[in-house]
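What follows is calculated from the coordinates using simple rules that are stated; it is not laboratory data. Quick caveat, the model's predicted, so the values are computed rather than measured. Cβ: placed from backbone, ideal geometry, glycine included. Neighbour counts: every protein chain shown.
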Amino acid sequence: MKLGRLPADPAALARAPQLAGHMRAMPPPPTLDRSHIAFVPGLDRNDELSDCTWVGIANAARGMALLNGFGVDIPTDRVVAAYSASTGYDPANPASDQGAVELDVLGYQLARGFDTGGQVPLVADFATFDPTDRATFASTLARVGPVYLGVDLASADLDTSQTWDTDTPGDQTPGSWGGHALVAWDYTGLGDTDVVRLATWGMLLPCTWRWLQSRAEEAHVLIWRQLMKSTRLNFAGIDYDGLRATNMAWSA
């Protein structure tokens, strides 16, 4: 298991496109069960490279496509190529594998696209929100799709055989292991000890809401026009055109 998310700049997060004002407030469903969807997150060499920021983008796109009833093929070499192009990682120089800032990755794909080998690159508009706002977090998961997260993992989180929680043995200090990017997928409920499933390292890993809110530093939702249903029903209440305009202004 490798990490690779570099710390977010709070001022940069505040300047990024915000979900507030672009999504109508609605209460989240009490549960969100997507176990019937055959979502298998890609590992994309995140056991060898610090490319988790791009793996998260790829897994969010894979999950979004499945929610819309089809698959999207994103080969591992394309994920690594995007990581290399956006960060300067050189396979011939292992020391150049230094990870990335999530906002930099989001800005790169917004400006240049994510070349997955298809006819045209994938390009997502995105919106940032407060990961400690559980109602918005859950509502976004349910109404839009996977949430792209930046977390500060603790040494206690090294054990991935159990549900990540704030009362497991070991050092619970956020960041004592390091920064990581991953994707939230669904949840069993909205209480502190209810479980949220996270896509990372090629698997869906469970954590509690209280763990997530103790570790998360940033949260973003990505919206791909290319991966929309023709009805756009899964984007009910989203001001898509306004969000696109905000993204274009941010990236200018």
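The table below gives the values:
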quantity	calculated
The chain: DSSP helices with Cα axial extent of at least 20 Å and average Kyte-Doolittle hydropathy no lower than -0.5	52-67
Bins of 5 Å, starting at 0 and running to the largest distance - Cα pair percent for the range 136-228	3, 14, 25, 27, 17, 8, 4, 2, 0
Positive-end extreme of charge dipole, the chain - chosen from Y240, L110, G178 (charges on Cβ)	Y240
Packing rank of 218-229, 88-99, 139-150, where each peptide gets the mean count of other beta carbons within 10 Å, highest leading	139-150, 218-229, 88-99
Top of V40, V55, V195 by mean-square fluctuation, Gaussian network on the chain, Cα under 10 Å	V40
Ordering of 12-18, 61-67 by packing [mean C-beta count within 10 Å, highest first]	61-67, 12-18
Dimensionless Rg over Rh [the range 79-183; C-alpha; Kirkwood]	1.02
Computed lengthening from I37 to D77, 0.36 nm per intervening residue step minus Cα-Cα distance	11.9 nm
Reference-scaled alpha-carbon Rg (2.2 N^0.38 Å with N residues) for the range 24-74	1.40
Over the chain, volume per residue of the alpha carbon convex hull, in Å³	119
Viscosity 1.567 mPa s, 4 °C: Kirkwood-radius Stokes-Einstein D of the range 1-118 over Cα pairs, µm²/s	81
